[in-house]
Structure formats: structure tokens, C-alpha cells
1. If you check ILE192, ILE118, which single one turns out to be touching a Phe, Trp or Tyr at 6+ places or on another chain (Cβ under 7 Å), farther than 21 Å from ASN229 by Cα and in a helix (DSSP H, G or I)?
2. Any chance region 202-220 includes a residue that's within 23 Å of the chain's Cα centre (by Cα) and among the basic types (Lys, Arg)?
3. I'm told ALA47 meets every condition in (1) hydrophobic (A, V, I, L, M, F, W, C); (2) over 30 Å from PHE154 (Cα atoms); (3) without any contact (Cβ under 8 Å) to a residue 12 or more places away in the chain except one. Can you identify the failing condition by its number?
4. Can you name the residue in region 148-198 that is of a type in the set (S, T, N, Q) and modelled with pLDDT of 95 or more and, of all such residues, is nearest to TRP127 (Cα to Cα)?
5. Tell me which residues, restricted to region 23-50, are closer than 25 Å to ALA124 by Cα and crowded, with 16+ Cβ neighbours inside 10 Å.
6. Between residues in region 196-223 that are over 16 Å from SER179 (Cα atoms) and residues that are aromatic (Phe, Trp, Tyr) and surrounded by fewer than 20 Cβ atoms within 10 Å (Cβ to Cβ), which pairs lie under 8 Å by C-beta distance while being six or more apart or on different chains?
7. Mind checking which residues of region 127-143 are exposed (fewer than 15 other Cβ atoms within 10 Å of the Cβ), outside any loop (DSSP other than H, G, I, E, B) and charged (D, E, K, R)?
Amino acid sequence: MPILGDPIDGYHSGLDSSSADEDAVERAITCDPPVHRSCPAETLACAIPSGGVNLNAVLYTTAGAGLHPTILLLHGLPGNEQNVDLAQSMRRAGWNVLTFHYRGSWGSPGHFSFVNCIEDATAALDWLQRGDETPSLRIDPNSLVVIGHSMGGFIAAYLGAHHRAVKAVALISAADLGSAFGDVPFDHAVAIVDENVGTSTGLHILAGTSPQALAAEASREAPRWHLGNFAPRLAGRPLLICTSDDGFIAGSDDLADAMDGPSASLERAHFPTDHSYSDHRLALQRKVLAWLLSTRRSDSH
């Protein structure tokens, strides 16, 4: 399963050594690759069908002919941090990257709910699996990686656990919906959700929901929505767990502990920063890119 895209005009040449890997990571972060005139990189607006509506999406296509491995990048609740800098560096390193907005968020039609978010991410994954139906997008449906931040990290773990088409999963400060919202007193859960979505301060990022409705949904689904539940189905595939000083470490620890064993392909990294990695953006990119490169290298052996 090749996870890294084909070399572009020598931009990724010599990736068989760790020093070359480090060089490739730094180039992806700091340097534009050579322009590929016949198959240039593009930023494409897309519509992802889900739940009877079309989700607003953007596909960052990498340069070069042929099919390319593709990453589904999932944002959190409500998605103030979109991780576009990470998307751009991954594209420069040879991946396509798809981002989208869940139903009822950031202008996508429909009503927002956690269940709808899972369904929307599944629809986006299905869309990528049909990527070979649109050759101009150059999506390799057999080389799909899911990376998620915060609530998106929970959904990434869910997708990886339920869909074998996902070849590798990376979680960035994943929010364990079961423990973060479902296992706490209701009023506290409402306050946590409201702190994230800003309803009481006059923000209108999410449609068709409320902090109370989301807290109640998480409470109902809490037994199923613990990250540790997904460990058995994730075992054997590359998994990166990144954490920060944001109070969400416990859920990631539970998943990592449950992944222990000879079949686990797990890598962990902790960053002394906030939930958005505000002052560690480059460090986060280096870690994710290096993990993707190591995943490709280990798979080729």
C-alpha cells in the first residue's frame, strides 16, 4: 500500500534513508515543488452528497500524472481550526487532501448532529472510494488515509474501525465523545459544548441544533462512543495519536492502552500546547508528515 505519492521531478527523490525522509518533510513544509505543467496541483470546490444534501468540500489535488494516495482530513466541533496548513504541506509531499464541512456547519445545508457527522464522513470516504470514476481528480481509491482533529479525531477512529478501505489513521487531540460529553453531568456537558460552538456568545456556526441537543445525543450514545472501543478493529493498521495540554488526553490514552500488543502499529506524540496547536503548527506538520513517510517505508518491506 503506497502511501506517499510518486516523486515529482526529483522533489521526493532518495526516500530510502532517514536523512532523505527528513529532507522531504522540510521541503514539504518550506518549499514549493516544481510546477508540473501537464498535471498541476489544483484546489477544487466539490459537492459531497450526504443525507439528501450536498456538503461543501475542497479537494487539494497534488501534482503529477496517475493516481495519488488521498487523505480525508476531518475538522472538529465546530471546526475553528481547519488545519489547512497541514493540508497544504501534505499536498506538497504528494498526497491529495479532501476537506469538507459536516451538515449544518459552516454553510453546508442540513442539521448538525454527531450522528450526522459520522454519516457525512462515511459519505466522504465513499466518494473517495469512487474517485477512479473521475480520472481527472487522480484519486487512488486503494490508498486512503483518514486524519482527524478533536471531534474529527473521534470520527477518524470510527471510520478506521468500521471501514477496511482506510489504510491508516491519525488522531490529533481526538475528543472521546463518550467521556468528554456523555459521561459528565448534563449541565457540564452543555457548558463544554457551548464553549466550543459559541452559541451563548452569539455565534451561528451550527444549524439545526443546540448545546443541549448535542449534550443529550452524546449522553445517549456514550457507551458506544469511547475511543477505546475501536482498538480491536484498528489493530494491525498504522495509527498515529497526537495529544496536547488540552484535557483530552485520557481518551487517547484509553485507545493507546487498548491497542497494546504485537498486532498494534501505534505511534504517539505529545505537544505542550493548546487544543489548536497554536504555537506548534510546524511541529505538528513535521510529525504527521514523518509518520506518513514511515508508514510508506514500513509497508514496502
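1. Unique residue meeting the criteria: ILE192.
2. no
3. Among (1) hydrophobic (A, V, I, L, M, F, W, C); (2) over 30 Å from PHE154 (Cα atoms); (3) without any contact (Cβ under 8 Å) to a residue 12 or more places away in the chain, ALA47 violates only (2).
4. SER150
5. Matches in region 23-50: CYS39, ALA41, CYS46, ILE48, SER50.
6. Note: pairs meeting the criteria are ILE205/TRP106.
7. Once the filter is applied, which keeps residues that are exposed (fewer than 15 other Cβ atoms within 10 Å of the Cβ), outside any loop (DSSP other than H, G, I, E, B) and charged (D, E, K, R), region 127-143 yields ASP132, GLU133.
Here is a yes/no grid of residues against (1) closer than 30 Å to TRP291 by Cα; (2) out of contact with any Pro (no Cβ under 6 Å at 6 or more places or on another chain); (3) buried (at least 21 other Cβ atoms within 10 Å of the Cβ):
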residue	(1), (2), (3)
ALA165	yes, yes, no
ALA168	yes, no, yes
LEU177	yes, yes, yes
ALA180	yes, yes, yes
ASP194	no, no, no
THR199	no, no, no
GLY208	no, yes, no
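The values are calculated or read from the model by the stated rules, or taken from the named source; none is laboratory data. Just so we're clear, the structure is a prediction, and the values are computed from it rather than from any experiment. Note that each Cβ is placed from the backbone with ideal geometry, even for glycine, and that neighbours are counted across all protein chains shown.
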